[in-house]
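Structure, as structure tokens:
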Amino acid sequence: MNEHQIGIVGGGLAGLTAALALSRHGYDIAVFESVPYPHHKVCGEYLSNEILPYLDALDINLFAAGGKAITRFEISSIQGKKAECQLPLGGVGISRYAIDHLLYQTAKQRKVTFYFEKVSDIRFDGKGFTVVSRQRSVRASIVIGAYGKRSGLDKTLNRSFIQKKTDWLALKVHYTYPEFPDDLVALHNFKGGYGGLSNTESGHVNFCYLAQYKVFKEFKEVSAFNERIVSQNPHLRDFLRKAEPIFEDSLSIGQISFESKEPVVNHILMCGDTAGLIHPLCGNGMAMAIHSGKLVSECVHDFFNGRHKKRPDLEEAYKKSWNQNFKDRLRYGRIFQRLLLQPQLLHWGIATLAQSETWLQKMITKTHGKIVSS
Ligand SMILES: Cc1cc2nc3c(=O)[nH]c(=O)nc-3n(C[C@H](O)[C@H](O)[C@H](O)COP(=O)(O)OP(=O)(O)OC[C@H]3O[C@@H](n4cnc5c(N)ncnc54)[C@H](O)[C@@H]3O)c2cc1C
């Protein structure tokens, strides 16, 4: 049986960041990822600048990879009423295809082992873990769970959020649409959902939306839903009429849960969406995933160098640091999401926000963190 000091299950932003951060201390790390890189993912692909100094410390430069500097935000109601502001911190428009691949290549150069296999079980026996895939079983002293929003593993681990049905699905397509400004991220509301538009490193505009299944299911086909529901918002109608899709089919995911989760389950340290998913309208999930990869790597390093004497000390320290950094953001995300799904209230709210950039900027600040450095 192979042995590694640290096993990371899931090689998205959280898992890859943890791998990169820990590799700086020379640990023997294995990442299990079920889908080989590069691959597209359903995501709005707007990354908050709060995390750039930390990425820099990991030798990751998103602008060198073609990322677009985003400085402006606009939001519209179904009727098309708009409010806009300069973003307090700003962000980067970059596809998951590009950013996940860049992190993977850097981790590989740093001698991180990759197994492109789906993990079906993670067992703890008091001393350490056995990570099980169809091809192998691997021993590790520490396991970091970074397998995203939802996985069969959540059932195996009997996590409570997985028992509850959710009403959310998400779709994404890249389009050619030369008129879309590089420096803008736009959030447009429609009945039962909302969608984000922003440019990516390839020059293609990402249109990604979240919709309630109860509204979507009446239409069954994406094209009909886009025409009848999404296009009720005049800004989205205009975009969909002029833009050319470059994907043959939309990428989609279902059963998206925004329920609270636990950062430590069966001694596994959870990070990224596996520990909690912020509502996408906040545009902060990617930064939080990277940030939580940093936090977990610091706690694990403290464990191996003796600062946390026992496993429960490590787990308590990680829980505390996760809650301190993310709990409030998730709460504000839930509040804003509720507002966004009440069309009349939103319309009125946007009309009010349109009068003052400062109010909108304050709302954005509530769902974002402070600058994260090394
Ligand atoms: C519709 C939508 C739009 C969004 N838009 C934005 C946005 O614009 N900006 C932003 O900051 N955030 C956004 N987010 C949130 C953001 O996408 C997530 O927070 C972020 O991807 C979390 O990264 P992660 O590493 O935790 O998970 P992921 O990126 O999902 O990575 C998890 C990885 O684990 C792998 N995996 C899963 N199960 C297993 C298994 N059993 N074995 C091995 N590997 C496994 C998966 O293949 C995947 O690569 C959006 C989310 C949604 C749903």
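The values are calculated or read from the model by the stated rules, or taken from the named source; none is laboratory data. Computed from a predicted structure; not experimentally measured. Cβ placement follows ideal geometry from the backbone for every residue including glycine, while neighbour counts extend to all protein chains displayed. Only protein heavy atoms, including side chains, enter the accessible area calculation; ligands, DNA and RNA are left aside. Shrake-Rupley method; radii C 1.70, N 1.55, O 1.52, S 1.80 Å.
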Conditions (1) more than 14 Å from the ligand (Cβ to nearest atom); (2) in contact with a Leu (Cβ under 6 Å, 6 or more places away or on another chain); number of the one not met by Glu84: (2)
Only listed residue being in contact with a strand residue (DSSP E or B) (Cβ under 7 Å, 6 or more places away or on another chain) and open to solvent by 10 Å² or more (accessible area, probe 1.4 Å), chosen from His40, His25: His40
Selected residue (only one of Tyr97, Tyr54 is open to solvent by 60 Å² or more (accessible area, probe 1.4 Å) and not in a loop (DSSP other than H, G, I, E, B)): Tyr97
Answer from Ala83, Ala107, Ala64 - the residue that is surrounded by fewer than 17 Cβ atoms within 10 Å (Cβ to Cβ) and farther than 20 Å from Gly254 by Cα: Ala64
Only one of Ser257, Ser223 that is among the hydroxyl-bearing types (Ser, Thr, Tyr) and in contact (Cβ under 8 Å) with a residue 60 or more places away in the chain: Ser257
Residue that is least open to solvent (accessible area, probe 1.4 Å), among those in segment 250-260 that are over 23 Å from Thr365 (Cα atoms) and more than 8 Å from the ligand (Cβ to nearest atom): Ser257
Residue check for Ile99: under 17 Å from Thr17 (Cα atoms) and among the hydrophobic types (A, V, I, L, M, F, W, C): yes
Some residue of segment 26-49 being in a helix (DSSP H, G or I) and within 14 Å of the ligand (Cβ to nearest atom): yes
Scope segment 128-147; condition buried (at least 22 other Cβ atoms within 10 Å of the Cβ) and either part of a loop (DSSP other than H, G, I, E, B) or under 21 Å from the mean Cα position of the chain (by Cα) (or both); matching residues: Val143, Ile144, Gly145, Ala146, Tyr147
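Please tell me if Val9 is surrounded by fewer than 18 Cβ atoms within 10 Å (Cβ to Cβ), near the ligand (Cβ under 9 Å from one of its atoms) and at pLDDT 95 or above.
Against the criterion (surrounded by fewer than 18 Cβ atoms within 10 Å (Cβ to Cβ), near the ligand (Cβ under 9 Å from one of its atoms) and at pLDDT 95 or above), Val9 does not qualify.
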Residues of segment 144-160 that turn out to be more than 11 Å from the ligand (Cβ to nearest atom) and small (Gly, Ala, Ser), as a count: 1
Filter result for Phe73 (assigned to a strand (DSSP E or B) and open to solvent by 30 Å² or more (accessible area, probe 1.4 Å)): no
Filter pass, Ser252 being within 17 Å of the chain's Cα centre (by Cα) and in a strand (DSSP E or B): yes
Close pairs from segment 101-117: first in a strand (DSSP E or B), partner open to solvent by 30 Å² or more (accessible area, probe 1.4 Å) and of a type outside the set (A, V, I, L, M), Cβ under 7 Å, at least 6 apart: Phe114/Lys108
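On the basis of being farther than 30 Å from Arg237 by Cα and basic (Lys, Arg), does Lys111 make the cut?
yes
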Residue within segment 161-178 that is farther than 27 Å from Glu3 by Cα, in a loop (DSSP other than H, G, I, E, B) and within 16 Å of the ligand (Cβ to nearest atom) present: yes
Subset of segment 298-338 (residues that are within 16 Å of the ligand (Cβ to nearest atom) and either of a type in the set (Phe, Trp, Tyr) or over 18 Å from the mean Cα position of the chain (by Cα) (or both)): Tyr318, Trp322, Phe326, Tyr332, Phe336
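What helices (runs of 4 or more DSSP H) completely inside segment 262-374 contain at least 1 residues that are in contact (Cβ under 8 Å) with a residue 40 or more places away in the chain, under 21 Å from Ala19 (Cα atoms) and open to solvent by 10 Å² or more (accessible area, probe 1.4 Å)?
Here the list reads 285-304, 311-340.
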